[in-house]
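Report on one structure; see the data block that follows.
A short reminder: the numbers here are calculations on the coordinates, not readings from a lab. Just so it is clear, the model here is predicted, and its values are computed rather than measured. Positions of Cβ are backbone-derived with ideal geometry, glycine not excepted, and every protein chain shown enters the neighbour counts.
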Amino acid sequence: MSAGLRDDWKEHQRAAWLACWPIARTALLLVFRRKLFWLLLGIALLTFMFMFGAIYLLAELKAQQPGIGRMLSRMLPDLDGSGRTFLNFMLAQGTVTMILLAFAGSVLAGNDHRRGGLTFYLSRRINVLYYSVGKLLAIGLLVSLTTTLPALILYLEQGLLVDTTEYFRENYNILFGILGYGVLLSLTIGLLLFALVSWMPRPVPLVMTWGCLFVFLPILGRILSFVFRDREESIREALEGSHWLLLNLWRDLYILGARCFGEESLRRSDEDLLTGAAVVVATVCVLSFVAMVVRIRQLQHHS
Amino acid sequence: MTPLFEIESLTHRYGSVLALDDLSLSAESGAIGLVGQNGAGKSTLIKILLGLVRHTAGTVRVYGSDVTRNGVGLRGRIGYMPEREGVVPGLNGIEYVALSGELNGMPRKQSLRRAHELLSQLGLEEARYRRLENYSAGMQQRIKLAATLVHDPDLLLLDEPTSGLDPDGRAAMLALLQSLAKRSDKSLVFSTHLLGDIERVCRQAIILENGTVVASGALDSLLAGQPHAFLLQWKSDNDAISGEFLAALQRSGAEVASGDELGQARAVVPEQWATQQFFQLARECGVTLTDLEPEEMDLRTVYRRLVGMETAAPLPVIGLAKRDESGVAP
């Protein structure tokens, strides 16, 4: 075993925290090797392409047939280039993202817990924090790939198709909204997924739990809103403003995301739920972080 | 000179199970064998030396640095090869070894180059682009060794590196470890329950039993510190003279067991015994010694005596043939 190489690189030895990137890159590489993920990414891409085409056609129609353009704009308010356009697009991408993450979870981190990869990582010149940051970075990048990045491209497209300087000057808050909502999604979903994967690394229990969180709980929230509504409250009011709806984590993220785009993007029914949504999301993040650290330490010390 | 590692009053518990019990020892650089049965605490000790497992009590220093405080920095100088786990499924050989280098602070280019070099040296050139889950047990051990060596560490912690290998694979692995052990800039802690492997590779040994150190030190001194046994054969005219000879040996401090045939015995003598004493006693009793063969002392015998599986007391001569197996299990 040659020792000559040692001096070459020892002088340029990288800081330990930089190991977060190889960890994230490897996790993404493992995900991209699965055909299923390309299928799901393809579906996410289809939604994006549809939006991309629709924004382009609407802009062209507005320029060439202003009457039809205005009519279509009224019919399709979600494509008017305001904050809600991008907010709703990111929400729509969320479904695919959730399915993608449910299946990607075990590949991203589950196998490390199940097949001893954790020992491999933690026996190198890194600690639990760098390992966790690396894995969260991978999840965050995956979430961004299906939500934030396409939303940014659409924002750019929208700006380039109209009066560019004016659009970007008047709507700079949209950029912050996209980035803010993206970071919120990446961080919350990343922590939650990583915590769940730490405790249930096998794909089937993970998918079932993920499904419970994002399918069963929202349904339960709606049922409870209906059951416990005030007598004088209409069903519609109950299904829009009840605090039971906070059980829907995706909706909580949507409400906070809407706030990132500015007050005008927040629906009136959601205004009352803003604080509750922030509390739920913060609680989920803290609990996930604690669960994740406890589990990794447990596995590390009993490996 | 700074010792390789120093351990003071180390205790480690897994819940209610005591894995290491008030263990104190230190070791100099070189090849060190860590011997003990399953559950003796070998793997735990290795993981504590690596800073991977935080010990319950005590102090552990490697190269003079506290493993609890400076675990990350120390791990950059250490290469760890776990026994079973430690493979990242889905990666191919090159990616796995290069990743190990990157995690140890190597720039990507150098770690890739080094990974290619190592896989060639370890005979995995053909399999370098194959997924790790498709590797045989022997190949997995070799790829793990490559990942351990990629950043050229000063200290190698190898947990049962020959486990699960076929005879050829084991011989190749031991030859590789022998070559590493010969290098003056490398130290090696090699855990196994195969004592023959330790004798082949290491110069020092630490014997663990139920979480405590039974003995530690240079192999030569461990072997020399034991009472020695001899096989004796003599000629005599009658049983009474033979009996007199055996009694004389016992009076001189030797423990004696007669053989199945007349004129044969196995004697375990004290450390300070001089071989000439046999001849002197034989002469005094009127017997003629025809054969005096010292029984070969090996680590297995030392181990079994130290952990109480076997006493130095003599066995009947018929049971003296050395067994081939070199494991520590009874």
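Which of the GluC sites (Glu not before Pro) found in the stretch A:223-303 are in a DSSP loop and have at most 10 neighbouring Cβ atoms, other than their own, within 10 Å?
In loop regions of the stretch A:223-303 (DSSP not H, G, I, E or B), the sparsely surrounded GluC sites (Glu not before Pro) are A:232.
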Measure nothing but the geometry: give the 0 to 90° angle between the long axis through the Cα atoms of A:274-302 and the longest principal axis through the Cα atoms of chain A, rounded to 10°.
10 degrees
Among the listed pairs B:47/B:182; A:35/B:109; B:42/B:109; A:10/B:47; A:35/B:47; B:42/B:186, which have their C-alpha atoms separated by more than 32 angstrom in this model?
B:42/B:109; A:35/B:47
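What relative contact order, as a whole-number percentage, does chain B give when Cα pairs under 8 Å and 6 or more residues apart are counted?
The value is 18 percent.
So if R0 is 25 Å, what FRET efficiency would residue B:184 and residue B:69 give, r being the distance between their Cβ atoms, rounded to the nearest 0.05?
0.30
Is the shape of the protein assembly as shown rounded, prolate or oblate, going by the alpha carbon gyration tensor and its root eigenvalues a ≥ b ≥ c, with a/c under 1.5 for rounded and a/b larger than b/c for prolate?
Prolate, because a/c is 1.5 or more and a/b exceeds b/c.
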Sum of -39500 (n - 2.57) over DSSP H runs of 4+, divided by residues of chain B (222 nm, nearest 500)
-10000 deg cm²/dmol
Could you please rank B:266, A:115, placing first whichever residue has the fewest other Cβ atoms within 10 Å of its Cβ?
A:115, B:266
By how many nm would the segment from residue A:208 to residue A:50 grow when fully extended, if each residue of separation counts as 0.36 nm and the alpha-carbon distance is taken off?
53.8 nm
Roughly how tilted is helix A:148-161, in degrees to the nearest 10 and between 0 and 90, from the longest Cα axis of chain A?
40 degrees
Along Cα→Cβ, 7 Å out, is where each label goes; now give me the distance between the ones at residue A:70 and residue A:43 in nm to one decimal.
4.0 nm
Would you look at the GNM of chain B, springs on alpha carbons closer than 10 Å, and say which of B:298, B:239, B:185 moves the most?
B:239
Order of B:111, A:82 from fewest to most other C-beta atoms within 10 Å?
A:82, B:111
How do B:151, A:12 rank when sorted from fewest to most other Cβ atoms within 10 Å of their own Cβ?
A:12, B:151
